[in-house]
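Before any comments, here is the structure.
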Amino acid sequence: MSVDEHVREALHRLEEEIKRCTRCRLHQTRTQAVPGDGPYDAEIMFIGEAPGYHEDKQGRPFVGAAGQYLNELLEKNGLRREDVYITNIVKCRPPRNRDPLPDEIAACQDYLDRQIELINPRVIVTLGRFAMQHFFPGASISRVHGQPRRLGDRIFFPIFHPAAGLYQPKWQPLLEEDFRKLGDLIRRLREPSAQTSYEQLSLFEEDESHHE
Ligand code: SF4
């Protein structure tokens, strides 16, 4: 499927805007901004927290150890990195990989909102607490991880950040289980019966009419 030329141009302009951005203090310490990576018509968008050391150097998201682990988890579950779009809540690396601050997240929010609108993914997978709270403020990741939720026309799927599994191996079984569930969700979404109506999804999504 070819990407609409208007969408391609708009995303390209948006990436250039992000690369020049000075809206928050993170521009002072970055090597380069990391807008995102992947097909502009991706069915699935992954949203992490912020670029790390390697991402800041290379200008691409999830290229370090956490990225390698993410690739492995995708492949194990029938998903391919080259088919998904990957970005972060903030596009520039916080110094010493500290957590992004609320004003930095707020300054950067508009870029993510525009990426979502233009790419229009069917499924958004949030990686870690910050990305999840962008969409479900106040929710607890330890309670909602691995459960698909519908918000508007999209399915959201919160997962722990792959870095959690790297630094604390006790989280790996949980991460692997959530990626298994994600692979199942995508397979079901691709079934012809699920193509026409999201009603099909009510068979297996969590009913979350009230967000925490
Ligand atoms: Fe701009 Fe976002 Fe980078 Fe801050 S983190 S300078 S808002 S692109």
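The values are calculated or read from the model by the stated rules, or taken from the named source; none is laboratory data. Remember, predicted model here, so these are calculated numbers, not experimental data. Cβ sites come from the backbone with ideal geometry, for glycine too, and all protein chains shown count toward neighbours.
Report whether or not PRO51 is outside any helix (DSSP H, G or I), within 11 Å of the ligand (Cβ to nearest atom) and out of contact with any helix residue (DSSP H, G or I) (no Cβ under 7 Å at 6 or more places or on another chain). Spelling it out, PRO51 is indeed outside any helix (DSSP H, G or I), within 11 Å of the ligand (Cβ to nearest atom) and out of contact with any helix residue (DSSP H, G or I) (no Cβ under 7 Å at 6 or more places or on another chain).
With the requirement that a residue be of a type outside the set (Lys, Arg), touching a Cys at 6+ places or on another chain (Cβ under 9 Å) and surrounded by fewer than 18 Cβ atoms within 10 Å (Cβ to Cβ), what does segment 3-27 give you? Break it down into steps so the answer makes sense when it comes.
Narrowing segment 3-27 to residues of a type outside the set (Lys, Arg): 3-7, 9-12, 14-18, 21-22, 24, 26-27.
Retained after the next criterion (residues that are touching a Cys at 6+ places or on another chain (Cβ under 9 Å)): 18, 21, 24, 26-27.
HIS27 - this is the single residue of segment 3-27 that is of a type outside the set (Lys, Arg), touching a Cys at 6+ places or on another chain (Cβ under 9 Å) and surrounded by fewer than 18 Cβ atoms within 10 Å (Cβ to Cβ).
Just one of (1) crowded, with 19+ Cβ neighbours inside 10 Å; (2) away from the ligand (no atom under 13 Å from the Cβ); (3) farther than 21 Å from PHE135 by Cα fails for LYS57. It is (1). If you check LEU151, LEU174 for being over 19 Å from PRO61 (Cβ atoms), in contact with a helix residue (DSSP H, G or I) (Cβ under 7 Å, 6 or more places away or on another chain) and of a type outside the set (Lys, Arg), only one passes: LEU151. Each residue in segment 1-48 was checked for being within 21 Å of HIS161 (Cβ to Cβ), within 16 Å of the ligand (Cβ to nearest atom) and either within 19 Å of the chain's Cα centre (by Cα) or assigned to a strand (DSSP E or B) (or both), and 7 pass.
The residues of segment 87-125 that are in contact with a Gly (Cβ under 9 Å, 6 or more places away or on another chain) and more than 24 Å from ARG25 (Cβ to Cβ) amount to a single one, ILE119. Which of (1) crowded, with 21+ Cβ neighbours inside 10 Å; (2) within 12 Å of the ligand (Cβ to nearest atom) does LEU70 not meet, given it meets every other one? LEU70 satisfies all of (1) crowded, with 21+ Cβ neighbours inside 10 Å; (2) within 12 Å of the ligand (Cβ to nearest atom) except (2).
Conditions tested, residue by residue: (1) at pLDDT below 90; (2) assigned to a helix (DSSP H, G or I); (3) acidic (Asp, Glu).
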{"site": "PHE156", "(1), (2), (3)": "no, no, no"}
{"site": "ALA164", "(1), (2), (3)": "no, yes, no"}
{"site": "PRO173", "(1), (2), (3)": "no, yes, no"}
{"site": "ASP184", "(1), (2), (3)": "no, yes, yes"}
{"site": "LEU189", "(1), (2), (3)": "no, yes, no"}
{"site": "ALA194", "(1), (2), (3)": "yes, yes, no"}
{"site": "SER202", "(1), (2), (3)": "yes, yes, no"}
{"site": "GLU205", "(1), (2), (3)": "yes, no, yes"}
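Do we find a residue being acidic (Asp, Glu) and without any contact (Cβ under 8 Å) to a residue 24 or more places away in the chain anywhere in segment 79-87? So far as segment 79-87 goes, no, none of its residues is acidic (Asp, Glu) and without any contact (Cβ under 8 Å) to a residue 24 or more places away in the chain.
Within segment 134-149, the set of residues being crowded, with 17+ Cβ neighbours inside 10 Å and charged (D, E, K, R) comprises just one member, ARG149.
Conditions (1) within 9 Å of the ligand (Cβ to nearest atom); (2) surrounded by 21 or more Cβ atoms within 10 Å (Cβ to Cβ); (3) under 17 Å from GLN32 (Cβ atoms), marked per residue:
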residue	(1), (2), (3)
VAL84	no, yes, no
LYS91	yes, yes, yes
ASP110	yes, no, no
GLN115	no, yes, no
ARG122	no, no, no
VAL125	no, yes, no
ARG129	no, no, no
MET132	no, yes, no
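Among the residues of segment 90-141, those identified as among the small types (Gly, Ala, Ser) and out of contact with any Cys (no Cβ under 8 Å at 6 or more places or on another chain) are ALA106, GLY128, ALA131, GLY138, ALA139, SER140.
Of all residues in segment 150-163, those satisfying the criterion of being surrounded by fewer than 20 Cβ atoms within 10 Å (Cβ to Cβ) and within 15 Å of VAL125 (Cβ to Cβ) are ARG150, LEU151, ARG154.
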